[in-house]
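The values are calculated or read from the model by the stated rules, or taken from the named source; none is laboratory data. Note that the structure is predicted; figures quoted are calculated from it, not measured. In this analysis, Cβ positions are derived from the backbone assuming ideal geometry, glycine residues included, and neighbour counts consider all displayed protein chains. Just so you know, the surface numbers come from the protein's heavy atoms only, side chains and all, with ligands and any DNA or RNA stripped out. Shrake-Rupley method; radii C 1.70, N 1.55, O 1.52, S 1.80 Å.
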Amino acid sequence: MQNTYIKEIFSSIQGEGLYVGQKHIFVRFCKCNLACKFCDTDFNIKNAKEYSIDELYEILKPLDSDVISFTGGEPLLDVDFLNDFLKEYKDKLNKKIYLETNGTCFEELKKIINYVDIIAMDIKLKSATGQENSFFENEEFIKTALNKELFIKIVFDENISEEEIIKTSSLAKKYNLKLILQPKMPINKNLNIENIFEKFYLNYHNVFLIPQTHKFLNLA
């Protein structure tokens, strides 16, 4: 069994997506396969701590929440550690496992899909992140995750393209998934949120505007 580096472990209020406002335990991993220009995560392992699966369990065991959120970075880059941990300790913790992911590591997801309860999948749009769109990988990820509770999130700004609106809304529509729109914070005065929402809604009605509440509530 291998160890891995974890940036932080803390209890807070979920600030994004369909579970906004619910208390979660957050386990933030250091690695990521993307470099989004708005990312605020410190990936330097010098500022992280190394854990074994036993050490992680001992920390999580007394924490009071019904949900453990594995986030990052991209937690699926630590899939072997997660597999060992969840195989050994999920039943003992008796908590729902919530995976926050960029939805590109579909082969890795296959290794732990049976241990995951809820998946919050962030589709990273080039217009907001500076990363190339990964719609092929996103769809393969969805196919792997369909038997779980799954929803899609996107962060958008004033640069979002018509193609991105059509691609993301059509992908959500194809698999009947809830699509969460999150305006990039801080909100640019040139961003017409209502107009962008209506463009999504014209293509797909199962769409929700839910801002990143932790950012204006000063939550972790």
Inset, instruction - Filter the stretch 1-33 down to the residues that are open to solvent by 20 Å² or more (accessible area, probe 1.4 Å), closer than 27 Å to residue 87 by Cβ and part of a loop (DSSP other than H, G, I, E, B), then identify the one that is modelled with the lowest pLDDT. - result: 1
Inset, instruction - Have a look at 89, 98 and point out the one that is open to solvent by 10 Å² or more (accessible area, probe 1.4 Å) and aromatic (Phe, Trp, Tyr). - result: 89
Inset, instruction - Return a yes/no flag: does the stretch 171-180 have any residue that is at pLDDT 95 or above, part of a loop (DSSP other than H, G, I, E, B), touching a helix residue (DSSP H, G or I) at 6+ places or on another chain (Cβ under 8 Å) and open to solvent by less than 50 Å² (accessible area, probe 1.4 Å). - result: yes
Legend entry - Breaking point among (1) open to solvent by 70 Å² or more (accessible area, probe 1.4 Å); (2) modelled with pLDDT of 95 or more, for residue 161: (1)
Inset, instruction - Given the conditions (1) open to solvent by 10 Å² or more (accessible area, probe 1.4 Å); (2) assigned to a helix (DSSP H, G or I); (3) under 22 Å from residue 210 (Cα atoms); (4) not acidic (Asp, Glu), report the number of the one that residue 142 does not fulfil. - result: (1)
Legend entry - residue 114 vs. criteria at pLDDT 95 or above, open to solvent by less than 10 Å² (accessible area, probe 1.4 Å), polar (S, T, N, Q) and part of a helix (DSSP H, G or I): no
